[in-house]
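Since the structure comes first, as structure tokens, the remarks are kept for the end.
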Amino acid sequence: MMRAAVYLPEGRRGPGQHGEIDLDVLEVRSAELVLPEATIRDERGVELFDNGSLVFDHAWGGGPLAEPALDRQARAFGLVNAAYHTQRALRFCALLLGHSLPHLIVRIGMHEQPRHWGGGHYRLPGQGQQADPDAVTPTGEVHLGGGAGFVRTRDAQRYFHAPAHNTAIIYHEIGHHLCRHTADFRLNRLRPPLQQTNKKTAVDEGTSDLITAVLLGTPDIYGWHRQHVPEGDQRRRKLDPRWTMAHFQGGRDQDPHTDGTVWASACWSARRRVAGAGVDPIRFDALLLRGLEQAGRDGGQRLTYEALRERRHFSRLLAAMAQADPSLAPLVLAAMAEHGIHLGASNSGLGQAARAGQGRLVDA
């Protein structure tokens, strides 16, 4: 164990509370931490750990306007922060699943050319438009940009937006790692290891947002770096009860992140319903993760259009979740129904029914 400085979730808007924790580290290299569950490294060629300490100041995110020493401090803090939250998320998943997910690689400072990048993504080796230009391990990697632009803290301080400082981005991308190795929504296990697909579906994006909300303890998961987006705008991706299947659009041209907000909001409502009934919400979390695993085992032995289409349906995962904990199923199904999500229908059918205000579902 090593003492490390990180951001601790506060359940409200902002990067978190700067504090110290004990981090389980196997090896410290110049710009890399090897943990039992993951390897986290900065790809920008700067030595960050030269004295063995993992306690750094956040330095307001560093960035191109900061002095080199402060930017280096911010990069070191970001690497340690990403390592802690990666470990926390993966151990949370392992606890509820009863087994570990494959070792994860997190690479910071990626894709800095031709312009700086302030986002993150989960990548598998593949081909086509969404393929990553760098070699990617077949079990998946999280890539975080070096940072771009500025955000404000609650006390109006300007902060360079480095994704490794943004816990919400880290948790969301690890959510994709969970989905890939449980529900496997895109049936990548049936594809050649180096020809997987990185295309995400709404249920994948929404599940990753829900995992983020659980670990952060707030439904306003992107309220820090999307504070300029009104809370009533679906692009804020706040898990609000207002988002129902009436807001689901679907189709190839629609952003799966936005559609995923419907699923994530419904799951958040269900989790609150469980807690309101006096049940530990961790049981909902376990129900979700075991449902993901069950959905991954259920059929899909052939890589066909129909198999992929069925895996996009919210109702399919909901059915697996209900089977995972039958005693909680009535609470969960009732909460999901308030968002227009029911068993036995396609996403488009649920959307049509919700927009029409019909009592019965219209299957596609």
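The values are calculated or read from the model by the stated rules, or taken from the named source; none is laboratory data. For clarity, every value in this text was computed on a predicted model and none was experimentally measured. Don't worry about glycine lacking a Cβ; one is built from the backbone with ideal geometry, like all the others, and counts go over all protein chains shown.
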From the options G359, G340, residue that is at pLDDT 95 or above and either small (G, A, S) or in contact with a strand residue (DSSP E or B) (Cβ under 6 Å, 6 or more places away or on another chain) (or both): G340
For the condition out of contact with any Asp or Glu (no Cβ under 8 Å at 6 or more places or on another chain), surrounded by fewer than 16 Cβ atoms within 10 Å (Cβ to Cβ) and closer than 22 Å to I174 by Cα, what is the one hit in D209, D255, D204? D255
The condition of being at pLDDT 95 or above, surrounded by fewer than 19 Cβ atoms within 10 Å (Cβ to Cβ) and not acidic (D, E) holds, among A94, A83, A76, only for A94
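To keep it simple, each residue is scored yes or no on (1) touching a strand residue (DSSP E or B) at 6+ places or on another chain (Cβ under 9 Å); (2) over 25 Å from N166 (Cβ atoms); (3) in a helix (DSSP H, G or I); (4) in the same structural domain as P163 (by TED's automatic domain parsing).
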| position | (1), (2), (3), (4) |
| --- | --- |
| P219 | no, no, no, no |
| P230 | no, no, no, no |
| K238 | no, no, no, no |
| Q249 | no, yes, no, no |
| H257 | no, no, yes, no |
If you scan segment 332-359, which residues turn out to be touching a residue at least 24 places away in the same chain (Cβ under 8 Å), surrounded by fewer than 18 Cβ atoms within 10 Å (Cβ to Cβ) and among the small types (G, A, S)? A334, G344
Got a number for residues in segment 312-358 being of a type in the set (D, E, K, R) and within 17 Å of R290 (Cβ to Cβ)? 2
Is there any pair linking a residue in segment 186-201 that is under 15 Å from E310 (Cα atoms) to one that is of a type in the set (F, W, Y), with Cβ under 6 Å and at least six apart or on different chains, and which? T201/F185
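For segment 310-331, what are the residues that are touching a Lys or Arg at 6+ places or on another chain (Cβ under 7 Å) and either in contact (Cβ under 8 Å) with a residue 40 or more places away in the chain or surrounded by 19 or more Cβ atoms within 10 Å (Cβ to Cβ) (or both)?
If the condition is that a residue be touching a Lys or Arg at 6+ places or on another chain (Cβ under 7 Å) and either in contact (Cβ under 8 Å) with a residue 40 or more places away in the chain or surrounded by 19 or more Cβ atoms within 10 Å (Cβ to Cβ) (or both), then A324, D325, L328, L331 are the ones that fit.
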Extreme residue, surrounded by the most Cβ atoms within 10 Å (Cβ to Cβ), among residues of segment 1-36 that are of a type outside the set (A, V, I, L, M) and closer than 13 Å to F56 by Cβ: Y7
Confirm whether H111 is over 15 Å from the mean Cα position of the chain (by Cα) and closer than 19 Å to H172 by Cβ. yes
If we only count helices (runs of 4 or more DSSP H) wholly inside segment 296-361, which ones have 2 or more residues that are over 24 Å from the mean Cα position of the chain (by Cα)? 305-311, 329-337, 347-356
Take the residues in segment 149-168 that are touching a residue at least 40 places away in the same chain (Cβ under 8 Å) and assigned to a loop (DSSP other than H, G, I, E, B); name whichever of them is nearest to the chain's Cα centre (by Cα). N166
